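Read the structure below first, then the notes.
Just so it is clear, none of the values below were taken in a lab; they were calculated from the coordinates. Remember, predicted model here, so these are calculated numbers, not experimental data. Here the Cβ is made from the backbone with ideal geometry for all residues, glycine too, and neighbour counts use every protein chain on show.
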Amino acid sequence: MSGPRVALEVFAKDLRLDLRSRDRLGHMAVFALLVVAMISIVVPASKTERLAWSPALLWVALLFTSLLGLARSFQSETEEGALALLVQAPVDRGWIFVGKAGASLVALIGVELWTATLFTVFLDVDWSAGPLACAGAGLLGAVGLAAVGTLLSALSIGVRFREFLLPVLLFPLVLPILVFASRITADALAGREISAQLWWAFSLYDWVFALIGYFVFDYVLED
Amino acid sequence: MVSAAVMLSVVAALAWLLWLAGDVTGRIGTARWVGGLALALVPVWLLLVAYYAPIEVAQGIIQKIFYVHIPAIIPTYFGFILSAIGGVLYLRTREDRWDQLAVAGAEVGVLFCSLMLVVGPIWAKPAWGEWWAWDLRLTMTLILWFIYVAYLFLRSFAFGSDTAKTYTAVYGIAGVGAIPFVYFALDLAQSATMHPTNPAREGLPAEMGRTVGVGMLTFIWIFAWLVAQRLELASLQARALVASRAETA
Amino acid sequence: MPWVIAAYAVTGLVLLGYALHLRVARRAALRDQKRRG
């Protein structure tokens, strides 16, 4: 069985699990709703202030919501049996990372679309000011979160205090994602020009961590 | 000339620590020379700070905190890099000694990083009126600290299992990978404010430059000596773990 | 002035404290090792 084939299998299995049980997706959706609702109630009402803070708040909300999803990435018990089988396949284990991260990516994109909708409904955010840029930021952000999150999720398998540990491990590393994505989004919504440097740095970040995840997974899954 | 000595010291300290890790118990004797060097440098540095460095016009004597704050930068990053090197070497060779080097680097590094975060505000409050500012350097140091702490938490929570060493090695690599991006991102986000303590390098008077340089030398060797001690401890503890496992087997 | 002293004192105390902590731990580990022979 070839590497990409393994990745596809892992990806499909995770996705099927997500859609069937609706655990992960459902919980993330409700959580996002909660967070956005709280933000909307608490944040000052002036339209301009909202517009200024929305991109950042959006990404903070996404960050917390993604934690839920990422923690699930390597959690189920049946998982470990299936994982042990996969690990024996004579392929680069990095492909398992690709499959897992891919499934998380899909979930994250779903959550992003949902959260963006919530922001429109509750906070009157008009994405049509820069839809392409926002979508781009969303995609790059989702890829980054999926890559780093999947890697760190694997690093905390069987470790104590995982619910505490995962965010502690995650937040400093994904800070660039938050900064890049909210900056692009803010600039797009305000009609400002977005520096090319930003796009390059963001893409590079995603690449670097996708590669790190891929190459390092061989070592990570050695148990 | 002092800066040449600083760069030389960094390379020498790195080489020594890598060599030391090769056989800690056998080679730890050399640490006394390093310790002696560090100890000898301390009074030199302090005397320079007290009598040689001029009192700066704008800030007055408060500015002298500069000479204990800046030298902590190199050990902060040095520890990080040492940790990453140890991690990579561990993943490739699976030899415990490199994992021990990684831990030693991380622990001593976080110590100096914490010092920066404490001494910085002690300087900032009287000098500029506020304890903290979200400028590039301070924030960068804080994020670095978070990464360090996350590393140590991971290690502590995963302790005992064989995977602990692998996990922390990987996280170390991920951490180092993230650093340049964090820097770039913070630079972008902070384009408004400027670090108040940024004297233009050209404008730094020679006496100040030399004093801070000697401070850097002092701290580099203190750092190296502390890492060596921590390394020995890690080596001893690893042995104890192996022995106790053999006993219960 | 007290700020300056505080800065240097904190640094000194922290570094010394850590060095002492290491020394105590190392002594304990060495004693353990001797005991096990």
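Figures for the structure shown
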item	result
Separation between Cα centres of the range B:1-62 and the range B:223-243, rounded to whole Å	22
Farthest positive-ward along the range A:1-81 dipole, Cα basis, beta-carbon charges - from A:52, A:34, A:19	A:52
Relative exposure of B:28, B:65, judged by other C-beta atoms within 10 Å (fewest first)	B:28, B:65
Most fluctuating residue given options B:161, B:114, B:83, as computed from a GNM of chain B linking Cα atoms under 10 Å	B:161
Global form of the protein assembly as shown, assessed from the alpha-carbon gyration tensor, a/c cut-off 1.5	oblate
Sites residue A:8 and residue A:113, calculated FRET efficiency, Cβ-Cβ separation with R0 25 Å, nearest 0.05	0.60
Net charge contributed by nearby residues that have their C-beta within less than 13 Å of residue B:17 (K/R +1, D/E -1)	+1
Whichever lysines have a C-alpha closer than 24 Å to that of residue A:100, once near sequence neighbours (fewer than 8 apart) are set aside	A:13, B:165
Global geometry of the range B:2-248, whether rounded, prolate or oblate, following the gyration tensor of its Cα atoms and the 1.5 cut on a/c	oblate
Selected from A:117, A:133, A:154, residue furthest toward positive end of dipole (the range A:55-162; charges at beta carbon)	A:154
Sites residue C:14 and residue B:44 - FRET efficiency at Förster radius 30 Å, r taken between beta-carbons, to 0.05	0.90
Contour excess over end-to-end distance, with Cα ends at residue C:6 and residue C:30 and 0.36 nm allotted per residue	5.1 nm
In order through the range B:37-51: 3J(HN,Hα) via Karplus (6.51 cos²θ - 1.76 cosθ + 1.60), integer Hz, x for Gly, Pro	4, 4, 4, 5, 6, 4, x, 4, 4, 5, 5, 4, 4, 6, 10
Label-point gap, in nm, between residue A:43 and residue A:88 - each point 7 angstrom along Cα→Cβ	5.1
Charge tally in the Cβ shell below 15 Å around residue A:51, where Lys, Arg are +1 and Asp, Glu are -1, residue A:51 excluded	0
Choice from B:42, B:24, B:57 with maximal GNM fluctuation in chain B (Cα, 10 Å cutoff)	B:57
Positive-pole candidate from B:30, B:214, B:113, dipole of the protein assembly as shown, charges at beta carbon	B:30
Computed FRET value (nearest 0.05) for residue B:245 with residue B:51, which takes r as the C-beta separation and R₀ as 41 Å	0.15
Only Lys, Arg (+1) and Asp, Glu (-1) charged, at Cβ; the protein assembly as shown dipole about Cα centre in debye	1420
Relative contact order for chain A, counting Cα pairs under 8 Å that sit 6 or more residues apart, in percent	29
Sparsely packed chymotrypsin sites (Phe, Trp or Tyr not before Pro) within the range B:136-191, loop by DSSP, other Cβ within 10 Å at most 14	B:159
Percent RCO, i.e. relative contact order, over the range B:2-248, from Cα pairs under 8 Å lying at least 6 residues apart	36
For the range B:71-147: rounded, prolate or oblate by the Cα gyration tensor [a/c cutoff 1.5]	prolate
Within a Gaussian network of chain B (alpha carbon springs, distance under 10 Å), most fluctuating of B:216, B:140, B:116	B:140
Cβ-based exposure ranking for A:203, B:3, in which fewest neighbours within 10 Å come first	B:3, A:203
Ellipticity estimate at 222 nm from DSSP helix runs (n ≥ 4, -39,500 (n - 2.57)) divided over chain B, nearest 500	-27000 deg cm²/dmol
Net length gained if the chain between residue A:21 and residue A:197 were fully extended (0.36 nm per residue, minus Cα distance)	59.2 nm
Nearby lysines by direct alpha-carbon distance to residue B:125 (threshold 27 angstrom, same-chain neighbours under 8 apart not counted)	B:64
Local electrostatic count, residue B:152, Cβ distance below 13 Å [Lys/Arg +1, Asp/Glu -1]	+1
Neighbour-count ranking [beta-carbon atoms within 10 angstrom, fewest first] of A:205, B:52, A:219	B:52, A:219, A:205
